[in-house]
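Each remark here refers to the structure printed beneath this line.
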Amino acid sequence: MANKSEKLTVRQRVHEVVRLRLDGARYPDIVQYASAQGWGVGPRMLRKYQERADLLILLQRDNDREKLFARREAQLERLFAKAVRDHDLGTGLAVLKELAKLQGLYPEQRVAVRQVGPPRDRDPDEMGYEELVEHVARETGIPRSALSDEVLERLARGEPAGRAAGPTFEALEKLDPARLMPPG
């Protein structure tokens, strides 16, 4: 069993790999970085670092994505109100189309609103890789067998997992036409 200093070293390295991945690094870049830093680990361990980093990115991204979604929705609603107030109906229509696309009202272009959040009861850094994958499977509704490393990488980058997901009727029910109309 690893001692506390080894666990701390692994945690630090995984967070360094998170930073590298956010900067666009791929596996060969991580190998080069680890070599330059003198980590002295093999390809299998580096893959584990990368897999864990991708999962941490996925878990961190969730909360930010929901805030970003809400902010974009509010910005589009404000743009629509301004366009109508300025009698710019072409821009108003374009903004409405963009808002409907964002809200997932076009089934062929649905946007996943519900994202994967970090576990409520445990620190992701303390969980094993398989536990994190199981958490992602529970949160997304994607079967564990479908969560390949490729799918996890796409999710970590904020891309679709490979299937349409997101609200359709729920978004319609929440759409309040009064909020889209300019005041007065």
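Here are some residues: ARG154, ARG120. Which one is in a helix (DSSP H, G or I) and either among the charged types (D, E, K, R) or at pLDDT 75 or above (or both)? Outline the logic, then answer.
Details: ARG120 fails: in a helix (DSSP H, G or I).
Being in a helix (DSSP H, G or I) and either among the charged types (D, E, K, R) or at pLDDT 75 or above (or both) holds for just one of ARG154, ARG120, which is ARG154.
Look at GLU130 and say whether it is surrounded by 12 or more Cβ atoms within 10 Å (Cβ to Cβ) and either among the aromatic types (Phe, Trp, Tyr) or modelled with pLDDT of 75 or more (or both).
Here the answer is no, as GLU130 does not meet what is asked.
Here is a yes/no grid of residues against (1) closer than 28 Å to GLU130 by Cβ; (2) touching a residue at least 24 places away in the same chain (Cβ under 8 Å):
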residue: ARG26; (1), (2): yes, no
residue: ASP29; (1), (2): yes, no
residue: GLY38; (1), (2): no, no
residue: GLY42; (1), (2): yes, no
residue: GLU51; (1), (2): yes, yes
residue: LEU76; (1), (2): no, yes
residue: ALA81; (1), (2): no, yes
residue: ASP88; (1), (2): no, no
residue: LEU105; (1), (2): no, yes
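Identify, please: which residue in segment 54-101 is acidic (Asp, Glu) and out of contact with any Pro (no Cβ under 8 Å at 6 or more places or on another chain) and is, among those, surrounded by the most Cβ atoms within 10 Å (Cβ to Cβ)? Talk me through it step by step, then tell me what you get.
As a first pass, look at segment 54-101 and keep what is acidic (Asp, Glu): 54, 62, 64, 66, 73, 77, 86, 88, 98.
Among the residues that remain, those that are also out of contact with any Pro (no Cβ under 8 Å at 6 or more places or on another chain) are: 54, 64, 66, 73, 77, 86, 88, 98.
On the way: ASP54: 21, ASP64: 11, GLU66: 14, GLU73: 15, GLU77: 17, ASP86: 11, ASP88: 13, GLU98: 14.
Of everything passing the filter in segment 54-101, ASP54 is surrounded by the most Cβ atoms within 10 Å (Cβ to Cβ).
Of ARG52, ARG61, ARG65, which residue is under 18 Å from LEU152 (Cβ atoms), at pLDDT 90 or above, assigned to a helix (DSSP H, G or I) and of a type outside the set (Phe, Trp, Tyr)?
The match here is ARG52.
The values are calculated or read from the model by the stated rules, or taken from the named source; none is laboratory data. Keep in mind that what you see is a predicted model, and the values were worked out from it rather than measured. Reconstructed Cβ throughout: ideal geometry from the backbone, glycine too, with neighbour counts over all protein chains shown.
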